[in-house]
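The values are calculated or read from the model by the stated rules, or taken from the named source; none is laboratory data. Every value quoted in this text rests on a predicted model; they were computed, and no experiment measured them. Here the Cβ is made from the backbone with ideal geometry for all residues, glycine too, and neighbour counts use every protein chain on show.
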Amino acid sequence: MKKKLLAILLLFLLVAGHAAILCAATPDPSGARTGQASDIVGASPNAPTAKELEELGKTEPLAAKVADVAGHNRVAINFAWMLVCGFLVMFMQAGFAMAETGFTRAKNAGHTMAMNFMIYAIGMLGYWISGFALQMGGVGGVGVLGGGGVLNGEFSIHLFGKDFGLFGTKGFFLSGVSYDAVVFALFLFQMVFMDTTATIPTGAMAERWTFKSFVIYGFFIAGIVYPLYANWVWGGGWLSALGRNFGLGHGAVDFAGSSVVHMTGGVAALVGAAILGPRLGKFKTDGSPVAIPGHDIPMAIVGCFILAFGWFGFNAGSTLAGGDLRIGVIAVNTMLASAAGAFSAALYMWVRYGKPDISMSANGLLAGLVAITAPCAFVNSVAAVVIGAVAGIILCLAVVFVESRLKIDDPVGAVSVHGINGAWGMLALGLFADGTYGDGFNGVSGAVRGLFYGDASQLLAQLVAVCVNFVFVGALMFAFFKILNAVVPLRVPRDQEMEGLDMHEVAVTAYPDFTIRQS
């Protein structure tokens, strides 16, 4: 029976991927027809109009050909920029692996590394099967890339006289009409963002998570959970339409993923760590937490630096256009917020506890990066420093709150770095967006403005997105982990946890030449 159900599911996905091939826009797998004269219309104040290009083609064929080449080159520049930035984001996986492994104990180093390595493979396959289609299958094309119009299958419901986009229906298995140069490039860029989300819970749930249940989780979050919320914000779904439908600013605006990527991963990590329970010995009988130091802080710090480097691709790459000169502002804002986050976290720990804690400073750097990810394109440098500095302090307070009040064991601080500061980043955009960028964003005319620059409704849209993320992702992941735990136990046996997970779970000991302390 199970085999029949699986066969039916696979058949459905294949049919969905190939459906409407005759009536859809024609795919361009070679890229030869992508990027034409029409792609320079509106590229600058002096660019020709579509009508002028049409007339030019009738009288001056050579000039029309030159215009085609110019349009193709404009798209090619954007293609190259997006792909290089996607490669940078992919390299962030190495940063996550080193940071999480360094912040955990030596006896579980191989297991933690294995999860960070395999989530790349598992997540990619899950995203290829269904995730990309659910997220971007109804986006309707990407103007700066000159194509992607074959992704025109958004499933929507009609309520209150408005359309609410829920998920895409084109692009399953990257087959059928989605065999297209623009679609494939977009898949790479969107996939590495998804992979960041999928890897966040591996830190919060480290040192006691069974590898079997982790594998199932990887397919679920990559193929279903992340894509649905991402569709609502980035794929033309209902949260992005809050501006058009209800006059809430430009709708939910998340430039590079404070909520789509980081808060989604942080909420999943919160739920997973709560259900999994704390590591053995983490809490005393009176409920007070016990510090469990990481085994290699230098490794963790290097990992954080790698993440900061990759973040330039994360944020500036989200323009999808090398010709968008706002990339310079975005990159500088990203740097400043990370520096402010690291410094404010160090200063807080210094004042509060007498010494600057380098591990908290490193997480403060990441907290600043997470917080600036949504507003990076829409704020000035002063706001970027404020956003990062607040994030660093929030990080320090949140780590203590999650551990001491919620009694949740998060070995690397993932919930505080990504979940809580992802929410802060969304709200910060609603406060500090200064109206210098974003004209036409989410189909709303005018630049994006926050509360401090005259648009309180934008803050409300951001708040709606944050609440939806917490409720939707939290509820879905809670149900998933509960059901999964009843079928495939989430937690390793007590004796294996005491001994270390490397040999028991992944058959490799990270440090075979050393005696590993079992505590």
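Please pick out the residue among SER288, SER258 that is hydroxyl-bearing (Ser, Thr, Tyr) and either surrounded by fewer than 20 Cβ atoms within 10 Å (Cβ to Cβ) or farther than 30 Å from SER457 by Cα (or both).
From the options SER288, SER258, the qualifying one is SER288.
Considering only residues that are out of contact with any strand residue (DSSP E or B) (no Cβ under 7 Å at 6 or more places or on another chain) and of a type in the set (Asp, Glu), which ones fall in segment 174-204?
Once the filter is applied, which keeps residues that are out of contact with any strand residue (DSSP E or B) (no Cβ under 7 Å at 6 or more places or on another chain) and of a type in the set (Asp, Glu), segment 174-204 yields only ASP195.
Name the residue, out of VAL400, VAL370, VAL332, VAL386, that is free of Cβ contacts under 8 Å to residues at least 12 places away in the same chain and either among the aliphatic types (A, V, I, L, M) or assigned to a helix (DSSP H, G or I) (or both).
Exactly one residue qualifies, and that residue is VAL400.
Can you run down the residue pairs with Cβ atoms below 7 Å, 6 or more apart or on separate chains, where the first is in segment 344-362 and closer than 15 Å to ALA99 by Cβ and the partner is loosely packed, with under 15 Cβ neighbours inside 10 Å?
Listed pairs, sorted by first residue: ILE358/ILE297; SER359/ILE297.
Scan segment 193-226 for residues that are small (Gly, Ala, Ser) and in a helix (DSSP H, G or I) and jot them down.
Scanning segment 193-226 gives ALA198, GLY203, ALA204, SER213, GLY218, ALA222, GLY223.
Do the conditions hold for VAL75, that is, is it under 25 Å from MET191 (Cβ atoms), touching a strand residue (DSSP E or B) at 6+ places or on another chain (Cβ under 9 Å) and at pLDDT 65 or above?
Spelling it out, VAL75 is indeed under 25 Å from MET191 (Cβ atoms), touching a strand residue (DSSP E or B) at 6+ places or on another chain (Cβ under 9 Å) and at pLDDT 65 or above.
Would you be able to tell me the number of residues in segment 133-151 that are touching a strand residue (DSSP E or B) at 6+ places or on another chain (Cβ under 8 Å) and surrounded by 24 or more Cβ atoms within 10 Å (Cβ to Cβ)?
9
Select from segment 81-103 the residues that are of a type in the set (Val, Ile, Thr) and farther than 19 Å from GLY218 by Cβ and list them in ascending order.
Residue satisfying the conditions is VAL84 alone.
Residues that are buried (at least 22 other Cβ atoms within 10 Å of the Cβ) and touching an Asp or Glu at 6+ places or on another chain (Cβ under 9 Å): list the helices (runs of 4 or more DSSP H) wholly contained in segment 417-519 that include at least 2 such residues.
Counting at least 2 such residues, we get 421-432, 456-487.
Could you tell me which of the residues GLY165, GLY153, GLY86, GLY138 is out of contact with any His (no Cβ under 7 Å at 6 or more places or on another chain), modelled with pLDDT of 95 or more and closer than 30 Å to MET299 by Cβ? Step through it out loud before you land on a result.
Working: GLY165 fails: closer than 30 Å to MET299 by Cβ; GLY153 fails: closer than 30 Å to MET299 by Cβ; GLY138 fails: closer than 30 Å to MET299 by Cβ.
Sole residue among the options that is out of contact with any His (no Cβ under 7 Å at 6 or more places or on another chain), modelled with pLDDT of 95 or more and closer than 30 Å to MET299 by Cβ: GLY86.
Would you point out the residue of segment 261-277, among those that are β-branched (Val, Ile, Thr) and touching a Ser or Thr at 6+ places or on another chain (Cβ under 8 Å), that is surrounded by the most Cβ atoms within 10 Å (Cβ to Cβ)?
THR264
Residue check: is MET124 surrounded by 24 or more Cβ atoms within 10 Å (Cβ to Cβ), of a type outside the set (Lys, Arg) and on the phi < 0 side of the Ramachandran plot?
Values: surrounded by 24 or more Cβ atoms within 10 Å (Cβ to Cβ): no; of a type outside the set (Lys, Arg): yes; on the phi < 0 side of the Ramachandran plot: yes.
No.
So which pairs qualify, if the first residue must be in segment 68-81 and under 12 Å from ILE40 (Cα atoms), the second must be assigned to a helix (DSSP H, G or I) and at pLDDT 90 or above, the Cβ gap must be under 8 Å, and the two must be at least 6 apart or on different chains?
Listed by first residue and then by second, the contacts come to VAL75/VAL144; VAL75/LEU145.
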